[in-house]
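Here is the structure we will look at.
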Amino acid sequence: MNGKQSRYINLDNAASTPSFKSVQKAVNNFLDFYSRIHRGSGFKSRLPTHFYEHSRSIGIEKIAEHESELTPYPLRRLAEIPSIRIFGNPNPETINNCLGVIPFTMNEISHFLVAAVLSCESGIGVRSGCFCAHPYLLHLLEISPQKAQQVHQNIMSGDRTDMPGIVRVSLGLYNTGEDIDALVESLQIIDRRDFQGKYFQDNASGEVIPKDWHPDFNSFFFGLMTCLFEKLLFR
């Protein structure tokens, strides 16, 4: 938004990659039978297969080890922001073999807005919402049945602006402590309300969007997919 280029930091791995650590033992006996995710020959089949096989070549144990070693660090850093409430064990000294998934809220700041500012002003990808676990999230957020019913009625009438939710950070193999430092620095800016953009909320989707910001996603992703396809085709 400020015209500067910055490195994109993906902290939304739980939505795009399998939780290797939690399922390792359960599926280990079957991995040899499934050498590929997709059997098709098209690009959409080859791309996830490529990344999945690359992860297997590294070793699931190594991926799990990296995740376990990195997870305490964001917990320590997020504790520096008093307005953040972590759902789960927030103590980095007592977690053991935990997945690198950290859900949180910020006092009086919409999860929609937090995710939008992180993405648009810091190039940090997180996930916000209820993550296909709506009843559980309503319980965690202590949403009363009456409030839940009101939100449901609003949604049915086309208004999603009041949808409850939380922000989720999920770590991947390529994330580092520097990524966490960038996240915390950005969250501190959000906590102070010092972000640069002017944002509005779309009633139909609930999504928070910067005003007068119209990126051409089609041309960007077309170029990205073309580049990835060429690497796969000529590797």
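The values are calculated or read from the model by the stated rules, or taken from the named source; none is laboratory data. Quick caveat: nothing in here was measured; it's all calculated off a predicted structure. A quick note on method: Cβ atoms are made from the backbone with ideal geometry, for glycine too, and the neighbour counts reach across all protein chains shown.
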request  = Evaluate segment 134-143: report whether one residue or more is aromatic (Phe, Trp, Tyr) and either part of a helix (DSSP H, G or I) or modelled with pLDDT of 90 or more (or both).
outcome  = yes
request  = Would you please list the contacts, defined by Cβ atoms under 7 Å and residues six or more apart or on different chains, that run from a residue in segment 61-76 that is surrounded by 18 or more Cβ atoms within 10 Å (Cβ to Cβ) to a residue that is among the aromatic types (Phe, Trp, Tyr)?
outcome  = ILE63/PHE20; ALA64/PHE20
inquiry  = So the check is Cβ under 7 Å with 6+ separation or different chains; which pairs have a first residue in segment 80-91 that's within 14 Å of MET106 (Cα to Cα) and a second one that's of a type outside the set (Gly, Ala, Ser) and assigned to a loop (DSSP other than H, G, I, E, B)?
reply    = SER83/ASN107
task = Mind listing just one residue for me: the one in segment 78-106 that is surrounded by 18 or more Cβ atoms within 10 Å (Cβ to Cβ) and not aliphatic (A, V, I, L, M) and, of those, nearest to ARG192 (Cα to Cα)?
result = THR105
message = Going residue by residue through segment 107-130, is there one that turns out to be aliphatic (A, V, I, L, M), modelled with pLDDT under 90 and surrounded by fewer than 18 Cβ atoms within 10 Å (Cβ to Cβ)?
response = no
key: Subset tally (residues that are among the hydroxyl-bearing types (Ser, Thr, Tyr) and farther than 30 Å from SER68 by Cβ) for segment 146-204   = 3
request  = Within segment 84-99, identify whether any single residue is under 12 Å from the mean Cα position of the chain (by Cα) and under 14 Å from VAL169 (Cβ atoms), and answer yes or no.
outcome  = no
